[in-house]
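Notes follow the structure.
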C-alpha cells in the first residue's frame, strides 16, 4: 500500500497530467490520449481526493469544468445558463447507485436514457422564434464564443421557429457523421495536408473557423439534447420539450427511452451499446437524466456537474482473432498503408475483419505478422484497432511483417518520409497519387496555374487527358475536343486556362521544382536548392554529398531528391517538361547581407498592414528563411493579432517574438 507521501505526490502528478490533456482536448482540438485513458486517470484522482479530502481545492480538475473560453471564430459572450459537463460513471453498480439515489430523493422519478454524442457543445438562443445567437461551451461557467455566423452554415440549425415562445435556449452537440469525416480527410490527404485525428477534433476545429465557407463544405451536423431556458411557454418534462422541438424541425437525440427502474435503465444502456456500431456517427457513452424539470430544480447542480444526470462510458470491447493477410495500398500522397485482414469478429454490434497497421514502426512495436493472433478492440469508436499480439499463440515460423522497398502499385522505389514513420512511393507517375501530384503542381506554392481547380483535374484525369504533370502542357493540342465536350467550360473559359498554362512556362525553376512533388521538398527547400545550384539540370547532376551542402537539406531530404531524380519514369517526365519549353534556370540569389540572413522566421496571426504573403516576401528579401512551424531551430516569431498556439510555443521555447513594427525597424536600421 502506498504511503501518504506517495499518494499526495500521485495527486499532484495526476492533476498536472489531466490539466495538460484537458487543454489539448478542449482548447487545441489535438488530444494525445484516448477518452478512456483520460477517464481512468480522472477516476483515480477522484479516489485519492476522497481519501485525502483536506487537499481538495477549486484548482483540481475534479472541481472545475474542462476548457477555457478563447476568442477564435468570434467574440466572447456570457452564458445565460452554465454549460456544465456530466458526472462520468463506468459500471452497472455506479448506474444502479445513481438510480437508487434519485429514487430516495424524489417521488417516483422518471429517467431518460439517450446517446452521448462525441462532439462539441453549442447553445442556440431564439428570441421570438428567430435565431439570435449561437455560442460554444467555452469555460462552461461564464463565457463561450459567438459562432452564430458559422452555426447558420449547419443544415440542422433551424433559423426560424413557427410556434415560438418569447425566448428559448437549447443546447446540443455539433458533430460529424463518419462518412462526412472520411470525405474531409480524403480531401486533406489529396491536398497534402495533415488529416484530422477523429470526427470530434474535426468538428471542433471547423466550428471555430473564421471562414464559414469551410464549415459549409465540411458538412457539420447537430443534435439537440437539452432545454436550457424558456420564457413564454412551459414544459413539464425533458421528453415533452423534445416533442415540441421536433414539431419545430429541430433535430434532437435519436432513440431516447423513458425508464422507471434500474433494470430498465441498464437494459436501455445495453441496447445503445449493442447498436453503437450501426450508427452513422460516433458516440462515447449513454446519458441517464431525470425527465421532470421540477425534479431537476429540486436536485440542482454542483460547481461542475448537474446532480440529475450521469454519463455512462462503455468499456473498450476486445476480442481475439487471427491475421490472415496484410494488404498494402497507396494513398494519394504516395504513402503506403498496411491493413491487417483477420478472421471476422463481432465488436460493438458490427462484424469487423480489417484494421489499419498504420506504418512499419507500429508493426515493429506490435511484433505482428501474418498468422499472429491479435487482440482487437473498439473504444467507443466505429473504427476497430489492434491492441496487441497474443504472444503465447505466435506461430513457430512467424515473422514480423516488413513493408517492401518497392511500391505495390507501380513498382517504383519507396523511401521513408522525413520526421515521420511513413514509407512512400517516389514515382511522380504512380497512378495511385496522380490527382494529388497534379493538384500540387498547379497550386499556388508551385506553378500557380490559376483557375485549374480540382474539378477540372478530376475530369481530365478520368477522361484520359492527364496521366502525369507533363500532360498539362499538351492540353492545347486537344483544344477543340475539350471545348466540344465542355470539359473546361465554353470556348472562352478553355482558352483562358490554356493561356495561363502557357504563361506558367516562364516561372522560375524553383516553382517548377516545387511542383515536382518530391517527398520532403517544399517550396522553401526548392528555393534553397535552386539558389545554390542555379538550375534543375545542375540539381539532377548533384551527388548526395553535394545536395547535403545546401542549407536545410539533410540526409533524408537529400536521399529523397537523389532517388526521385534517378527514377526512370520521373526523368522521362522532367525531360518532357524541358522539351515543352519550361524554365529550368533560376534567377534566385541568396541574400547574405540582410538583417535576417541565416535566420529562420515563423509568421502567425493577423498583422496590422501586411498580408501573410507580403510579410514572407519582405522577410525573404532580407535573407530570412520562412517556415510554417515553431521549433528549437526557429530564430524569430513574427506575431500579429490572435497569434494562438504558435505564440505559446515560442514563449515556452524562449524564442524572440517580433511585431510588424519591430521587423520594419530592424530592416530600416540595417540599411
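The values are calculated or read from the model by the stated rules, or taken from the named source; none is laboratory data. Just so you know, these numbers come straight off a predicted model, no measurement behind them. For neighbour counting, all protein chains shown are included, and Cβ atoms are generated from backbone atoms with ideal geometry for every residue, glycine included.
A compact table of results
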item: Residue match in segment 183-192 (condition: outside any helix (DSSP H, G or I), within 17 Å of the chain's Cα centre (by Cα) and under 30 Å from residue 439 (Cβ atoms)); result: yes
item: Whichever residue in segment 203-232 is assigned to a strand (DSSP E or B) and more than 24 Å from the chain's Cα centre (by Cα) and, among such residues, is farthest from residue 145 (Cα to Cα); result: 231
item: Condition check for residue 414: assigned to a strand (DSSP E or B) and free of Cβ contacts under 8 Å to residues at least 12 places away in the same chain; result: no
item: Segment 549-574, residues that are outside any helix (DSSP H, G or I) and crowded, with 16+ Cβ neighbours inside 10 Å; result: 550, 553, 565, 567
item: Subset of segment 138-182 (residues that are assigned to a strand (DSSP E or B) and free of Cβ contacts under 8 Å to residues at least 40 places away in the same chain); result: 160
item: Residue in segment 527-537 that is outside any loop (DSSP other than H, G, I, E, B), touching a strand residue (DSSP E or B) at 6+ places or on another chain (Cβ under 6 Å) and surrounded by fewer than 21 Cβ atoms within 10 Å (Cβ to Cβ) present; result: yes
item: Residue satisfying all of: in segment 47-65; crowded, with 16+ Cβ neighbours inside 10 Å and in a helix (DSSP H, G or I); modelled with the lowest pLDDT among these; result: 49
item: Test for residue 343: is it in the same structural domain as residue 88 (by TED's automatic domain parsing) and either over 27 Å from residue 411 (Cβ atoms) or without any contact (Cβ under 8 Å) to a residue 60 or more places away in the chain (or both); result: no
item: Residue satisfying all of: in segment 634-655; loosely packed, with under 13 Cβ neighbours inside 10 Å and outside any helix (DSSP H, G or I); farthest from the chain's Cα centre (by Cα) among these; result: 654
item: Members of segment 623-633 found to be exposed (fewer than 13 other Cβ atoms within 10 Å of the Cβ) and within 19 Å of residue 611 (Cβ to Cβ), listed by number; result: 628
item: Residues (modelled with pLDDT of 95 or more and loosely packed, with under 15 Cβ neighbours inside 10 Å) located in segment 265-282; result: 267
item: Flag if residue 577 is under 33 Å from the mean Cα position of the chain (by Cα) and part of a helix (DSSP H, G or I); result: no
item: Helices (runs of 4 or more DSSP H) wholly inside segment 420-505 containing at least 2 residues that are touching a strand residue (DSSP E or B) at 6+ places or on another chain (Cβ under 7 Å) and more than 30 Å from residue 357 (Cα to Cα); result: 454-462
item: Pairs where the first residue, in segment 267-279, is farther than 15 Å from residue 257 by Cα and the second is assigned to a helix (DSSP H, G or I), C-beta under 9 Å, 6+ apart; result: 279/178
item: Single residue of segment 182-208 satisfying the filter (buried (at least 19 other Cβ atoms within 10 Å of the Cβ) and in contact with a helix residue (DSSP H, G or I) (Cβ under 7 Å, 6 or more places away or on another chain)) that is modelled with the lowest pLDDT; result: 190
item: Only one of 176, 122 that is over 23 Å from residue 77 (Cα atoms), in contact with a helix residue (DSSP H, G or I) (Cβ under 8 Å, 6 or more places away or on another chain), modelled with pLDDT of 90 or more and surrounded by 20 or more Cβ atoms within 10 Å (Cβ to Cβ); result: 176
item: Test: residue 111 is modelled with pLDDT of 95 or more, surrounded by 20 or more Cβ atoms within 10 Å (Cβ to Cβ) and either touching a helix residue (DSSP H, G or I) at 6+ places or on another chain (Cβ under 6 Å) or not assigned by TED's automatic domain parsing to the domain that holds residue 256 (or both); result: yes
item: Selection count where residues are crowded, with 21+ Cβ neighbours inside 10 Å and more than 15 Å from residue 569 (Cβ to Cβ), scope segment 426-435; result: 0
